[in-house]
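**Q** Mind having a look at this structure? Questions to follow.
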Amino acid sequence: MSDAGIVIVGSGHAGLSTAETLRRRGYPGRVRLVGDEAGLPYQRPPLSKQFLKGEWDETRLIQRNAEFYVKHDIELIQGHRVIGVDPDHYSLELDSGEQLTWDKLVLTTGSRLKRLPVPGEGAEGVYYLRTLAQAKALRAALTDVTRVVVIGGGFIGLEATAAFVDAGKQVCVLNGADTLLPRAASALVARYMASLHQARGVQIENGIAVAAINAHNGRVLDVALQDGRTFPADIVLVGIGVEPDATLAEAAGLKCKDGVLIDELCRTSAPDILAAGDCARFRHPLYHRLVRLESIQNAIEQGKHVAATLLGDSEPYAAVPWFWSDQYDTKLQIAGLADGHDLEVIRGDEQGGSFSVFCYARRRLLAVESINAPADHMISRRLIQSAISPTADDAANPNFNLRDLL
């Protein structure tokens, strides 16, 4: 092995988690963290919440200060994009032309935004929200506008909608699916979240298809649907999801399918190359199928697991997926993956705004969605991790202590 050490491509949550864990566990070799955004690595979840609302400034987003990287001997190479990886020669090329060699390579390239494929998508006043630069531009644009159209009913769109409403804006959500949060939540939770927004004056249109974004003198005027309706807008936020950024892996000949394919130790199909986070797809032992998780929790935990693999551990990655979203004064927490469930059981007080939905498939607990019920969320993660399924009757009974099952 040379002294090239470990190079991590991608300085988001998964990349930084990998670098931190390597140092915390005593890895003595060289660690380089490469990111395509200038500046120090930062948190992404607050961009659509605290930062957009002006509650946080840019400095509060920073995950670790500059002194941390010096102290822990982590070399930051920020503001440079990797344009090619050569697995045979253990090298990569930056957009500056510089070549880096490595003994082990970690791909934490994350995901990239899906663009809206309609005329007018590039008009002034149309925004996307993924990076700090995009969040800063969107926040600045809110100063002098009244009407906001949000295209997309996922987490980013709804969190931003809540921020817009709190800022006194008129908001319309145009959602292509039949319900909000179509990939993330049960129908019951989707209806509850819709009622939450509608009670604050948000107009929600589900099952729509956008035909164009109309502009006047280059600036957005309204959003036109295929059914002929138009919705006036001062600005438009597009939040129609992301796709894995597997461009480097594909060009390097690694096996990919909706992301970079990895095994239970986060290893790719190429020797000495590992992957983690939004870009990685793996077979989850709790669900016995391939999954690709777009969550901060998975990025951080998988980053830790990559570091463990690099240090010789052989424990399979089996963390329970969990997610959260803050909208207004409501916190939605999800433990597990509800895809394919055939039964929903309510525990708690739906009318009072504190309850959980237990999602089952053939009497097996798959996931629990908790609205302002953090205790349910924490115990549910332990139940799913231990493959323990309360009966539907016990889950629905508020007097039954779920902890007794553990």
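What follows draws every value from the coordinates through simple rules; no lab data is involved. Being a predicted model, the structure only gives us computed values, none of them experimental. So basically every Cβ, Gly included, is an ideal-geometry build from the backbone, and we count neighbours across all protein chains shown.
**Q** Starting from the Kirkwood radius over alpha-carbon pairs of the range 269-406, derive D by Stokes-Einstein at 4 °C in a medium of 1.567 mPa s and give it in µm² s⁻¹.
**A** D, rounded to a whole number, is 80 µm²/s.
**Q** Another question, if that's okay. At q = 0.23, 0.25 Å⁻¹, what is the base-10 log of I(q)/I(0) for the range 329-405 according to the Debye formula with one equal point scatterer per Cα and no solvent? Please give it to two decimals.
**A** Values returned for q = 0.23, 0.25 Å⁻¹ are -1.04, -1.24.
**Q** Report D for the range 66-120 in µm² per second (integer): Stokes-Einstein, Kirkwood Rh on Cα pairs, 4 °C, 1.567 mPa s.
**A** Taking Rh from Cα pairs, D becomes 92 µm²/s.
**Q** Percent relative contact order of the range 115-240, based on C-alpha pairs within less than 8 angstrom and at least six residues apart?
**A** With pairs under 8 Å counted, the relative contact order is 37 percent.
**Q** How long, wide and thick is the range 1-110, going by the Cα atoms along their three principal axes, in whole angstroms, largest first?
**A** Result for the range 1-110: principal-axis Cα extents of 48, 30, 19 Å.
**Q** Can you tell me the relative contact order of the chain? Whole percent, Cα pairs under 8 Å, sequence separation 6 or more.
**A** The value is 15 percent.
**Q** Can you give the Rg/Rh ratio of the range 227-273, where Rg is from the C-alpha atoms and Rh is the Kirkwood radius?
**A** Here Rg/Rh amounts to 1.34.
**Q** Right, something else. Please compute the Kirkwood hydrodynamic radius over the range 256-327, one decimal place, Å, based on all pairs of different Cα atoms.
**A** Value: 12.3 Å, from the Cα pair sum.
**Q** Enter the mean projected area of the convex hull around the alpha-carbon atoms of the range 207-307, in nm², rounded to one decimal.
**A** That works out to 9.9 nm².
**Q** Which value results for Rg/Rh of the chain when Rg is the Cα radius of gyration and Rh the Kirkwood radius based on the inverse mean 1/r?
**A** Looking at the chain, the ratio lands at 0.98.
**Q** Starting from 0.36 nm per residue, how many nanometres of slack lie between residue 195 and residue 397 once their C-alpha separation is accounted for?
**A** Full-extension gain reported as 70.2 nm.
**Q** Can you list the HN-Hα couplings for the range 273-283, worked out from phi with the Karplus curve (6.51, -1.76, 1.60; θ = phi - 60°), rounded to whole Hz and with x for Gly and Pro?
**A** Whole-Hz 3J(HN,Hα) from phi for the range 273-283: 10, 10, 8, 7, x, 4, 7, 9, 10, 8, 8.
**Q** Given labels modelled 7 Å from the Cα in the Cβ direction, how far is it in nm from residue 205 to residue 88?
**A** Placing both labels 7 Å along Cα→Cβ, they lie 5.4 nm apart.
**Q** Please state the Cα pair-distance histogram of the range 174-236 with 10 angstrom bins from zero: what percent is in each bin?
**A** It works out to 21, 41, 30, 7, 0, in whole percents.
**Q** So what does the Cα-only Debye profile of the range 55-209 read at q = 0.08, 0.09, 0.17 Å⁻¹, as log10 I(q)/I(0), no solvent term?
**A** After summing over all Cα pairs, the log10 values are -0.38, -0.47, -1.08.
**Q** Something else: Let me know the Kirkwood hydrodynamic radius for the range 154-276, please, with Cα pairs as the basis and the value in Å to one decimal.
**A** 17.3 Å
**Q** Where both residues lie in the chain, what percent of DSSP beta bridges are antiparallel, nearest 5?
**A** Antiparallel bridges make up about 60 percent of those DSSP assigns within the chain.
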